[in-house]
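Working notes for the structure below.
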Amino acid sequence: RAWDLISDPEKGRVYPVGRLDVDSSGLLILTNDGEFTHRITHPSYGVEKTYEVVVKEFVSDAAIQKIGRGLHLAEGRTVGAGIVVRQRNDHMTKMQVTLTEGKNREVRRIFARFGYRVKDLHREAISNIKDRGMGVGQWRFLTDEEVADLVSFLESLEGQPIPPKLARRPDSPGQ
């Protein structure tokens with residue numbers, strides 16, 4: 001069980017990579033590496049987080065364009081979002097929304113600015129890590145390829161090697 005991994009004091013502190021509010025579902029990465037958490041979550045690194053968003057109304061092209069360019073929230077201007085409309089009719093719009101920031105409840109707040117109410121919000125991916133259709137409460141270790149791709153991506157952002165602790169799975173040699 002995932003909780004057994006989290007609650008083992010010998011494994012040290014566990015950091016969630018990103019947050020999901022109670023009304024959201026989807027991918028959450030857990031790690032014992034605080035530096036890794038910082039590199040993935042801090043907006044200055046520009047790591048993409050991708051969500052499936054269902055809004056109860058028809059979302060106009062004009063609103064999608066404005067959200068894509070960025071808009072002002074209480075704590076400042078958003079960078080903008082990549083939006084792909086997957087399905088749309090008079091009563092519902094299903095979209096893929098990609099952010100690189102992570103302001104508190106950002107997806108819900110940007111749609112609310114236009115009077116839209118988010119019905120469902122599901123994080124599908126953090127960078128190259130995808131939920132791969134996992135159900136609620138399911139967990140898995142990242143594959144070696146996922147870790148290598150993510151480490152390579154993070155190194156390209158800073159031009160600095162990633163500490164060895166980040167580049168190993170818990171069951172790999174050297175732990």
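The values are calculated or read from the model by the stated rules, or taken from the named source; none is laboratory data. Small disclaimer: the values here were computed from a predicted structure and weren't measured. As a convention, Cβ positions derive from the backbone with ideal geometry for all residues, glycine included, and neighbour counts pool all protein chains shown. Only protein heavy atoms, including side chains, enter the accessible area calculation; ligands, DNA and RNA are left aside. Shrake-Rupley method; radii C 1.70, N 1.55, O 1.52, S 1.80 Å.
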Point to revise | Ser156 accessible area, assembled protein chains, probe 1.4 Å, Å² | key: 80
Check your understanding: Ignoring ligands, DNA and RNA, what percent of the accessible area of segment 26-154 is carbon or sulfur (1.4 Å)?
Key -> 50
Review point. Just how much of Lys119 is accessible, in Å², when a 1.4 Å probe is used and the result is rounded to the nearest 10?
Key: 120
Review point. For His122 and Asp23 in the same chain, what is the full-extension length gain: residue separation times 0.36 nm, less their Cα-Cα distance, in nm?
Key: 34.7 nm
Review point. Leaving out ligands, DNA and RNA but keeping every protein chain, what accessible area does Asp90 have, in Å² rounded to the nearest 10, with a 1.4 Å probe?
Key: 120
Check your understanding: Using 1/(1 + (r/R0)^6) with R0 = 35 angstrom and r between the beta carbons of Ser156 and Ser60, what's the FRET efficiency to the nearest 0.05?
Key -> 0.45
Exercise for review: Express the relative contact order of segment 57-123 as a whole percentage, based on alpha carbon pairs under 8 Å and six or more residues apart in sequence.
Suggested key: 28
**Study point:** 1.4 Å probe accessible area per residue over segment 1-144, in Å²
**Key:** 57
Review point. Largest first, how would His122, His91, His72, His38 line up by accessible area (1.4 Å probe)?
Key: His91, His72, His38, His122
